[in-house]
Structures are given as structure tokens and as C-alpha cells.
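Structure first, commentary second.
None of the figures in this text is laboratory data; all of them are computed from the coordinates on show. Keep in mind the model is a prediction, meaning the values are calculated, not measured. Cβ placement follows ideal geometry from the backbone for every residue including glycine, while neighbour counts extend to all protein chains displayed.
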Amino acid sequence: MDRRSVNEEGLTLSEISRERPEAGPETIERGDVSSGQGDSALGMKIENLSAFYGSFKAVTDVNIDLRANKVTALIGPSGCGKSTFIRCLNRMHEVITGARAEGCVKLGEQDIYGKGVDPVRIRRRIGMVFQKPNPFSKSIYENVAWGARINGYKGDMDELVERSLRQAALWDEVKDRLKQSGMGLSGGQQQRLVIARTLAVEPEVILMDEPASALDPVSTQKIEDTMAELKKRYTVVIVTHNMQQAARISDYTGFFYIENMGDPGRLWEFDETSKMFSAPERKETEDYVTGRFG
Amino acid sequence: MVTRSGAQKSTQKGDPEGAVFKPPTGRRHVWDRVFSVLLLAATFVGLVVLAILLADVSWDGVPRLSWNFITSFSSVIPENSGIYPALLGSLWLLLLTTIVSVPLGIGAAVYLEEYAADTWLTRLVEINISNLAGVPSIIYGLLGLGIFVNLLGPITGGQSLISGALTLSLLILPVIIIAGREALRSISDSVREGGMALGATKWEVIWGHLLPMALPGTLTGAILALSRAIGETAPLIVVGAATYITFAPDGPLSRYSALPIQIYYWISQPQPGFQAAAAAGIVVLMAVLVLSNSVAIYLRNRYQTRA
């Protein structure tokens, strides 16, 4: 079965978006030969990232390596800047009035904050699933198809919708009611619909900001199973408050922490998940993962 | 717990003696019932007065209605007077005003809500749009006279339908803008975020999601605004709508009359025949309003289920 969608001319969606007549130089794609070909996704390298809301520094000096085709979990107490950080990775943070980010975020070899880079292009390649499921008030079919369509997809839409819904483990439940509204699904189904529409535009990286925190345990389990499948094709980054979830599904874990109130959040420790949960190096990490606070 | 007399009173769980909490017998339930009756009366007063007015007008007007009435022109003889040119004039005005004001109003609402930065200038514009919605319509008539009839006379043809329509458009534009903004504001930001996270431009999110979602609310505001425009008399008189006209309008540059103006002219005539004609004219005006509202509400409901 075809892993990347291909239109009539044999171009993948990634190649189509490269040809899209957007303003600005194509710095993000030059030299980026691996995008759109084969199974491996790109990893991300973050260097000295700080995020601000106006003059308030919310996140400071994060250096982290998000490895390709792996699941990285970001844990930490509330208010440590995890959500702010993850929104910097697909340039959604700057959408808020007065918010900005400084530093270097590399997708593959290219800095997505580089001069002349179009954030709209970035957001197709780095998808995001939010905490509260936010399907569009359109039909299930349209929910999945819309993103692909505006990004110039000219291939078999029915096939793309089915493939995306299958990858999100939702196809069997909705295949008979594709024309019904996406809002009529349960919370867990809505979240999987959001995952499906994110997959339909063929990102390299999928960011998830507490995707299961608003869902029941059964839906949570289904989404965790989906993530295990997703990492074969994509790089996954997940913010979660649920430490057992982080321990279950992730390969790497980053712990965010704030020392005093009003300080910016920082990445306190980062390591392979097994090591983070059994033998963390720093005291605060150990206190958090053993449940002494949080 | 200290009572009014100052003595200490303790309550058992559930307060069986009613020592502290007053049970809802007597006064509390009575007031509940009194208010529900008062509020019902408030609703009915408005509706009953309206119903009486409509009944009275219909009583006088319906007998006078006939195909002849609708297709005849005005005449010095009351019995021969018809509403044809005024009816056509109002329909033309309705069409032209809709074409001008609805796209402009929605466009302005989208810009102000989605694109404009939160500067002092934007806030100034916001405040003034609310003020403009309350300006008396005759002022708009004077504005229309100065700009559309005189200044732009060569283009608009002076005292023409298009001048009248443009004047009415200015009049109802603030209302449509406010309705559009409220409708857009009511859409949660999660929709915008969801769209942008898929690599959509701002316009794609607006066109694909926000406008379809905002359309029902905006159309409701637009319907109300257009209904008001159809009933306006003073600004149209100022920009040159005729009270007595012997031909039907033949295009946007034509001279014209309108239903409220015709009714106003007939009412001010002494002959009782004209009073009856005026009543019939009011019935026709009501019918036009109900018809155009129904079409608009139908369109709104269609968009509501689709989006």
C-alpha cells in the first residue's frame, strides 16, 4: 500500500507544496532531500529557544534533540512552559498578539525561524493536535479533505481520506457516515478525526499538546495505540501530564521545571524514557516522576 | 448562628425547625408567581398592540387591495390610484441596497475582526461604528444629498435609484458590520488554530470556516437592517424620491418613488379614498417585508445546516 499519497503526475504532497507559488525563498526545502521520500521523517533540533509573551519570558534557553521516528514526551508541572514550547515548534506561538520566540529551531537542516521562511509552509509540515478536540463543523469527509485540498492536493481524495482515517484508527467507526457532521462524534472519536486531518497533509512531525487529557480511558488507550503506529512514519512530540502515559509510549522524555514563581520554564533534564523514570540524574526530576510533587 | 434578637441559635442538620432558613412557603412562592405574570404581561403588551394595529390596517386596507391597485399608477382620483411605481421602486431599492451593503458590511466586519491590529485607530473606528448605528436617518439623507446626488451627480444620475440605494446602504452598514463582528467573535479561537495548524493562510481559514460559521448570525443582522431600510421615508425624500410619479423605474439611474413615501403622500391627502389607499399600501409594504424576510431566513437556515 502506498505510504505517501501521489497524484496523477507522480508528485507527492510535499513536492506539490514546494511548487506552490508562495512568496519567499524556498530556504526550508533546499538541501532537504529526505522530505516526501520513503518512510523516514525528519527530526528537529532546538537550540537556545526562548519564548516571550510581550515582555514576560515564559520559556528560556531550551536545547533539545527531537529524534526522527521516535516519540518524545515532555512532562513537568503545570505552568512550566511545555505548551508554550511546543507551540514554538510549528510557529503557532507567534500567532498570539505580542508573543515571539527567539532561538533556532531546525527541521532537518533548516531553521524554521530563518529569514524569509514562510510559517504557513512550516505548519503543513509540522502538524499539531490540541488538548481539546477541535474538529471543524463540517462533514467527517470534509474535515479530513479540507487541509489537503487547500494545500493543493490533486489526487484521489476519497483514497486520501480513507487512508488518513485508517491511520488514525477511526475508519471502521465512521466509514458509513462520512457525510455526517464531525461534531456529532464522541470526544475520543473527534480527537482521532483531528489526528486524521493532520495526517492528511503529510507532515514530517506531529506535535500533540495533551491530546488525551480531556478523554476517557478507553479513548486514551486507542490514541496511545495510534501513537505507537504513527512513530513508524512520523516524528512525534507529546506534552503530557500523565506520567504513566509518558512512560508507556515514549522513547525519550524531557522534564520541564520552574524553580521559583515568575521564573521562565526551562528544560531541566532530558534522556531516554527508561532512564528518566528509573534513574534520573537531578533531584527535581526524581521528585516529580515519583510523585512527590506535581 | 446569631438571630436578630441577639440570642445564640444552633441549627440541626436540615434545619427542621426553620430556625435559620426561611422555607419557600408564602411570600417567596408568591413573588415567583407575580413576576412570571408580570413578564408574561410585558411580552403580551407589545404583541397585542402590534396585533391591534395590524388588524386595524388590514380591516381598512384589504378591501381596497386588488390586482388593479397593484398595477396602477398614482392618480388625482383616489379610486384609480395604484401602487405600482412605488412598489417597483421599493423592490429596486431593496435589491440595490442589498448588493451594496451586504458585501461591504461583511468585508468590513472580517477586516476589523480578523486582520486589524488592536491599535487606538482600530478602537476609534469600533466606537464610531456603534455611534453611526444610532445616527438619525435624516442625517444620512443629507449626507446622501451632498455626496451622491450633488457631488457624484454625473455618475449616479442625481436623484436616482442608485443614489437612494447608496444612501440607505450607508444607513444600515453599521448594523451589518456590528452583526458580522459579533458573529465572528462568537467563533472560538480553536477553529482558527485548527485551520492554521494544517498550513492554511489566514484567508483560507476565513473563507473555509469562519465565514460559513458566521453567516447565519450575520444574515440575521442584515435581514433586520434591510427591513429597516425598506421602511425609511425621510432620507429618501431628501435625496429626491418622488411623492408623485407617473412612470415606473427603468434602471438604477431612473427617478423613483417608494412605498413608505407613497403611503405618506396619500395619508396627507384629505379625501377618505386616499386614506383607504394608504391602508392598502401599508398592507402591501407588510407583505413585501414578510416575503423578503422569509427568503432571507430560508437562505440563512440553508447555510446553517450546511456549515
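Pair-distance distribution P(r) for segment A:199-251, from all Cα-Cα distances in 10 Å bins starting at 0: 23, 60, 17, 0 percent.
Under the criterion of Cα pairs below 8 Å and six or more residues apart, the relative contact order for segment A:47-165 equals 20 percent. Distance between the modelled labels on residue A:221 and residue B:271, one decimal in nanometres: 8.8 nm (7 Å Cα→Cβ projection). Inter-chain Cβ neighbour count for B:197-210, averaged per residue, equals 6 (cutoff 10 Å, partner chain atoms only). Nearest 10 degrees, 0 to 90: what angle lies between the long axis of helix A:187-200 and the longest principal axis of chain A (Cα atoms)? Once rounded, one gets 70 degrees.
In nm², what is the average projected area of the convex hull enclosing the Cα atoms of segment A:189-290?
7.5 nm²
Rounded to the nearest 5, the antiparallel percentage of DSSP beta bridges internal to chain A is 60%. Rounded to the nearest Å, what's the spacing between the alpha carbon centres of segment B:100-155 and segment A:146-185? Just the number, please. Each part's Cα centre sits 43 Å from the other's. For the pair segment B:161-178 / segment A:202-277, the C-alpha centres are spaced 55 Å from each other.
Here each label is just a point 7 Å from Cα along the line to Cβ, and for residue B:34 and residue B:72 those points are 5.8 nm apart.
Suppose a student asked you for the relative contact order of segment A:44-289, using Cα pairs under 8 Å spaced at least 6 residues apart; what percent would you report? Provide the component values of the computation, followed by the final result.
Values: 476 pairs, mean separation 68.2, N = 246.
Normalised by residue count, the contact order of segment A:44-289 is 28 percent.
Residues whose amide H falls under 5 Å from that of residue B:242, counting only those 5 or more places apart or on a different chain, are B:256, B:257, with hydrogens built in the peptide plane.
Let me know the mean shielding of A:148-155 by other chains, meaning the per-residue number of their Cβ atoms within 10 Å of its Cβ.
Values: counts 1, 2, 9, 4, 0, 0, 0, 0.
Per residue, the number of nearby Cβ atoms from other chains is 2 on average.
Compute the relative contact order of chain B as a whole-number percentage, counting only Cα pairs closer than 8 Å that sit 6 or more residues apart in sequence. Don't skip to the answer; put the middle values down first.
Details: 376 pairs, mean separation 76.0, N = 307.
Relative contact order here is 25 percent.
Over 32 Å between C-alpha atoms is what I'm after, so list which of A:132/B:22; A:57/A:222; A:106/A:179; A:70/A:179; A:154/B:202 land there.
A:132/B:22; A:57/A:222; A:106/A:179; A:70/A:179
Averaged over the residues of A:187-199, the number of partner chain Cβ atoms lying within 10 Å of the residue Cβ comes to 1.
Just to confirm the number: angle between the C-alpha axis of helix A:157-167 and the first principal axis of chain A, 0 to 90 degrees, nearest 10? Approximately 30 degrees, to the nearest 10.
I need the semi-axes of the equivalent ellipsoid of chain A: take the C-alpha gyration tensor, multiply each eigenvalue by 5, square-root it, list largest first in whole angstrom. Numbers along the way, then the final one.
Numbers: eigenvalues 187, 109, 58 Å².
Equivalent ellipsoid of chain A: 31, 23, 17 Å, largest first.
Taking only the Cα atoms of chain B, the radius of gyration and Dmax are 27.1, 90 Å.
Legend: ranking of residues B:261, B:70 from fewest to most surrounding C-beta atoms inside 10 Å; resulting order B:70, B:261. With kT/(6 pi eta Rh) evaluated at 20 °C and eta = 1.002 mPa s, and Rh the Kirkwood radius from Cα pairs, segment A:172-236 diffuses with a coefficient of 170 µm²/s according to Stokes-Einstein.
Solvent-free Debye calculation, one equal scatterer per alpha-carbon of the protein assembly as shown: log10 I(q)/I(0) at 0.06, 0.07, 0.09 Å⁻¹ equals -0.52, -0.66, -0.88. Here is what passes the span test in chain B: the DSSP H helices with alpha carbon length of 20 Å or more along the helix axis and a Kyte-Doolittle mean of -1.0 or above are B:27-61, B:84-110, B:161-185, B:211-230, B:272-306.
The modelled label-to-label distance between residue B:293 and residue A:157, using points 7 Å beyond Cα along the C-beta direction, is 3.8 nm.
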